[in-house]
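Engineer: Just passing along the structure, written as structure tokens.
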Amino acid sequence: MPELGFLIVEIAYFILGVISVVTMIKHWKLNSNRMLIAVSIYIIAVLVRSIIDIAIYSFDLNIDVIVAGGLTIGMILGFILFTIQLEFLLYLKDLPKLYTLPLICSLYLALGRVLVDTTMPFIIYAMIVSYGSAYFLIKNGRKSRNGLAIGMGLFFLIWGLGSTFQIENLFVILRLVAMMTLFLGTRGFYEKYVFVDVEEEQKIMGTWIAKLVVKD
């Protein structure tokens, strides 16, 4: 995909993210749901990275500059995002005693990257954090019929797939798809079209059949 294509996709990704954050903050002001503010903070951090990516595609910047050993600026940004993501999950699980764990894990892995020139620990870390967060959010979202949790879970799942394969074209596209799933979650899409009310449907069907019988 040419740089212009990357730039267009990244701008679309950024706009969807901004709209999602604005929507969540509006809802948070109405009901003070802590999940809304937690998701907003995480997405703002993601959008900061998006601004950097827009600058990269616009001005042909390079973030693969080596800081030390095999550690690059791009990988440091990745560690920061995964740290925030894991903090987000621990916050939702209400585990304050583990709040320092993500920082310790990221620092340990970053140091390992300096000493050993391999991306495998970073990829494994990304998979554990992304897929673990996705499983928790989607599972709880289905139980509570919470569309935002489903959207955030799908966001982590699809983002994690992009991080796993480490293919730039695929990663950029998957990031946009991930943000679209989150955007739909903030707009009530899953509550309206996915969480079907079986009892209500049965009532409607029963009424419809009764009308047919009366007609006959």
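Engineer: Which of the residues belonging to the range 110-146 are out of contact with any helix residue (DSSP H, G or I) (no Cβ under 9 Å at 6 or more places or on another chain) and either in a loop (DSSP other than H, G, I, E, B) or on the phi > 0 side of the Ramachandran plot (or both)?
Structural biologist: VAL116, ASP117
Engineer: Right, something else. Just for the range 1-55: of the residues that are modelled with pLDDT of 80 or more and among the polar types (S, T, N, Q), which one is farthest from GLY74 (Cα to Cα)?
Structural biologist: Within the range 1-55, the match that is farthest from GLY74 (Cα to Cα) is THR23.
Engineer: Here is a follow-up. Of all the residues that make up the range 17-38, how many are closer than 24 Å to ASP53 by Cα and either polar (S, T, N, Q) or buried (at least 18 other Cβ atoms within 10 Å of the Cβ) (or both)?
Structural biologist: Looking only at that region, the number is 6.
Engineer: Can you tell which of VAL9, VAL22 is in contact (Cβ under 8 Å) with a residue 60 or more places away in the chain and among the hydrophobic types (A, V, I, L, M, F, W, C)?
Structural biologist: The unique qualifying residue is VAL9.
Engineer: Given ARG145, ARG175, which one is under 16 Å from the mean Cα position of the chain (by Cα) and not polar (S, T, N, Q)?
Structural biologist: Result of the check over ARG145, ARG175: ARG175.
Engineer: Within the range 100-109, identify whether any single residue is assigned to a helix (DSSP H, G or I), surrounded by 16 or more Cβ atoms within 10 Å (Cβ to Cβ) and touching an Asp or Glu at 6+ places or on another chain (Cβ under 9 Å), and answer yes or no.
Structural biologist: Looking through the range 100-109, at least one residue is assigned to a helix (DSSP H, G or I), surrounded by 16 or more Cβ atoms within 10 Å (Cβ to Cβ) and touching an Asp or Glu at 6+ places or on another chain (Cβ under 9 Å).
Engineer: Given the options MET127, MET152, name the one that is surrounded by 18 or more Cβ atoms within 10 Å (Cβ to Cβ) and within 30 Å of LEU4 (Cα to Cα).
Structural biologist: MET152
Engineer: Looking at TYR108 and the list (1) modelled with pLDDT under 85; (2) more than 29 Å from LYS26 (Cβ to Cβ); (3) hydroxyl-bearing (Ser, Thr, Tyr), which single condition is not satisfied?
Structural biologist: Unmet condition: (1).
Engineer: How many residues are surrounded by 13 or more Cβ atoms within 10 Å (Cβ to Cβ) and more than 19 Å from the chain's Cα centre (by Cα) when one looks only at the range 82-97?
Structural biologist: Looking only at that region, the number is 0.
Engineer: Also: Are there any pairs, at least 6 apart or on different chains, whose C-beta atoms fall under 7 Å, with the first in the range 180-192 and without any contact (Cβ under 8 Å) to a residue 60 or more places away in the chain and among the acidic types (Asp, Glu) and the second surrounded by fewer than 16 Cβ atoms within 10 Å (Cβ to Cβ) and not in a helix (DSSP H, G or I), and if so, which?
Structural biologist: Between residues of the range 180-192 that are without any contact (Cβ under 8 Å) to a residue 60 or more places away in the chain and among the acidic types (Asp, Glu) and residues that are surrounded by fewer than 16 Cβ atoms within 10 Å (Cβ to Cβ) and not in a helix (DSSP H, G or I), the close pairs are GLU191/ARG145.
The values are calculated or read from the model by the stated rules, or taken from the named source; none is laboratory data. Worth saying up front: this structure is predicted, and the values here are computed from it rather than measured. Positions of Cβ are backbone-derived with ideal geometry, glycine not excepted, and every protein chain shown enters the neighbour counts.
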